[in-house]
Structure formats: structure tokens, C-alpha cells
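Notes for the one structure printed next.
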Amino acid sequence: MSNRFTEHHYTKLYDIISQRYGIQYGREKKDILLSRVDKAMRRNGIQDYDTFVSAIVLGRPAELIQDFINTITVNKTDFFRESQHFDYILQHVQSILAHNPAIMEAGEIRAWSAASSTGEEPYTLAMVLKEAFSEQVNVKVLATDIDTSVLSKAQRGIYPIGVLNDIPRAYALKYFFKTGEYCGVKQEIKDLVSFRSFNLMNDFPFRKKFDIVFCRNVMIYFNKNTQSELISRIYNALNEGGLLFTGHSEALPNKSLRLKYVSPAIYMKY
């Protein structure tokens, strides 16, 4: 039994986190990883690092593994974050429809928020797509995250009332209600969004392709190979003429794909 976090423990956890979840906890983040391990151990009543690391390696019990995943993931999001992306959609409705005929053929526009966190991004996307396209096609937004705790918060759709400061007034008045010190997303927007737990390292199970994919500020936590593999799978999940939105600080790692730059951190499959 070990009550000291050793190099062996760190290496084991680093390898597992990297291989299973794509997240990089390099040596500069070793202390951060240790603090999150300690939190997970306290919550689960585990006294020593050997027992904890052995359970993570074995991948059971499932409740411990999910709690650990929820602890090591990073969740930073806001409504209308990097608002230029949403402005682009609103300003290029006819271009989006012209380049992607599958939207009108299917009678719906399908979007995916690939790291949806507590829901601000997919709800923003749903509002914007409803404003831009709802008179022509149905709007469907899939929101996924590996962290089940943030998914639970997202599904509730209740936020501190201060978030309304991040939301254009017209949207706040139309799509939110106030309740004391909180505000909530109205049901008409919640009905457009489906939340699912999903690990981006896994094979994509989607039967239908997407017209818009938001994978923003996710790849910064992955190594280059993982980034490249992820973008290739997203590319394959996009309709021709579909749009990929990345974080403004993220470079596209796979230059061989037929993705055309159309605006900062926005690419079109062609």
C-alpha cells in the first residue's frame, strides 16, 4: 500500500488518461493531476494510491471511473463564446444551404456540439439555428460530453442570472425565463437539443451525417496524433458542404483533408 504519489502512479495514470480519453497531463500539470486524484479518492473513500491506480487501470468499478473522468476533464464555456462563429451562421444562411443541398433534401439541419460541457454552447447553437433556419427546415442539435456531471447540469438548463449579460438582449427576452437568482432556457430551445455521454476517442456511432460540427477548444488538450485522428473522423461525419468550427487558438492538424478555410476557425468540407 502507498500513501505517497510516486512516479509509477503518475506514469500509469498519464498513459491511461492519454490513451483512453486523449487528454494530456504532461509534467507541467502533474500537480494538477495529483490534486484531482486526491479529490476523487476522498469522494470514493479510497485511502492509498496503489488501490486507486489499480482500479483505474482495471476500469472498474464503473462509478469510480466515471467520477475520475468527471474530475480530470476541463469545463470552460459561456453563452455566445467566440461570437463570430454564430454571426457567421446568421450572415451566411443562403450560402450554407447552397453549398450543402443535403439540408433542404432532408428537411432538417443537424448540428453537433462535440464537447458541450454545461450546455451553453449547444443552447446557443440551437437558438442561432432556430433564428436562421427554422422557417425552412427543422433544427436538431446533438450535444455530447464525456463528463456526466456537466451533462446533468446542461439538461436542467438552469444558470445563474448573471449569464444573461453574455446573451444578446433579443435572445434573452425570447428564449429565457427568470426565476429568482437564476434563469432558465425555455422548453422550445431545450426540445431542439439532445444530450448524450460520449468519449471522442471512441468510434463514432452516428447513423446520419452532420451539417455543422462545433469542436472548439477541445484539441488543445490532445496530442498531435489524437488531434489528427479526431479531425479525420469528424470530416467523415460531415456532409459535403458541411462546416467545422474549431477554437480560435487551434490549428487544423490534418492538412490532407478536403477542408476549405472560409473564416477564422471555420472550415467547409468540399
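The mean sequence separation of alpha-carbon pairs under 8 Å and at least six residues apart, normalised by the residue count of segment 7-72, gives a relative contact order of 35 percent.
Using a simple spin-label model with pseudo-atoms 7 Å out from Cα toward Cβ, ARG4 and SER95 lie 6.1 nm apart. With a cut-off of 18 Å on the backbone N, the residues of segment 24-56 near the modelled label site 7 Å out from ASN225 along Cα-Cβ are 24-27. Listed peptides 262-270, 91-99 appear in the order 262-270, 91-99 once ranked by packing, highest mean of other Cβ atoms within 10 Å at the front. Comparing PRO122, PRO160, PRO253 in a Gaussian network model of the chain where C-alpha atoms under 10 Å apart are linked, the largest mean-square fluctuation is found at PRO160.
The three principal axes of the C-alpha atoms in segment 143-248 carry coordinate ranges of 47, 28, 27 Å, sorted with the longest axis first.
Out of the DSSP beta bridges found with both residues in the chain, what percent are antiparallel (nearest 5)? Write down the numbers at each step before the final one.
On the way: 14 of 33 bridges.
Roughly 40 percent of the DSSP beta bridges within the chain come out antiparallel.
Sequence-distant contacts, meaning Cα pairs under 8 Å at least 6 residues apart, place the relative contact order of the chain at 18 percent. Computed from the Cβ-Cβ distance with R0 of 22 Å, the FRET efficiency linking ILE161 to ASP87 stands at 0.30.
For segment 1-145, the relative contact order works out to 20 percent when only alpha carbon pairs closer than 8 Å and six or more residues apart are counted. When mean projected area of the Cα convex hull in nm² is computed from the coordinates, the matching label among (i) 14.5; (ii) 15.3; (iii) 13.6 is (ii).
By DSSP, the beta bridges lying fully in segment 146-270 are antiparallel in about 75 percent of cases. Estimated from the Cβ-Cβ distance and a Förster radius of 30 angstrom, the FRET efficiency linking LYS178 and TYR270 is about 0.10. Pairs exceeding 21 Å between alpha-carbon atoms, taken from LYS153/LYS209; LYS153/LYS190; LYS140/LYS186; LYS140/LYS260; LYS76/LYS140; LYS186/LYS269: LYS153/LYS209; LYS140/LYS260; LYS76/LYS140; LYS186/LYS269.
Once the Cα atoms of helix 49-58 and of the chain are each reduced to a long axis, what angle between those two axes, in degrees from 0 to 90 to the nearest 10, is obtained? It works out to around 50 degrees. Working note: Cα atoms of segment 7-72, range along each principal axis, descending, whole Å: 28, 20, 20. Would you mind checking the tilt of helix 7-16 against the longest principal axis of the Cα atoms of the chain, expressed as 0 to 90 degrees and rounded to 10? The angle comes out at about 30 degrees. Against the chain, whose longest principal axis is taken from its Cα atoms, helix 120-133 shows a tilt of about 10°. In the elastic network of the chain, a GNM with C-alpha springs shorter than 10 Å, the most mobile of GLU120, GLU181, GLU131 is GLU181.
Each reported figure results from applying straightforward, stated rules to the coordinates on display, with no laboratory input. Keep in mind that this is a model prediction, so the values were computed, not measured. Cβ: placed from backbone, ideal geometry, glycine included. Neighbour counts: every protein chain shown.
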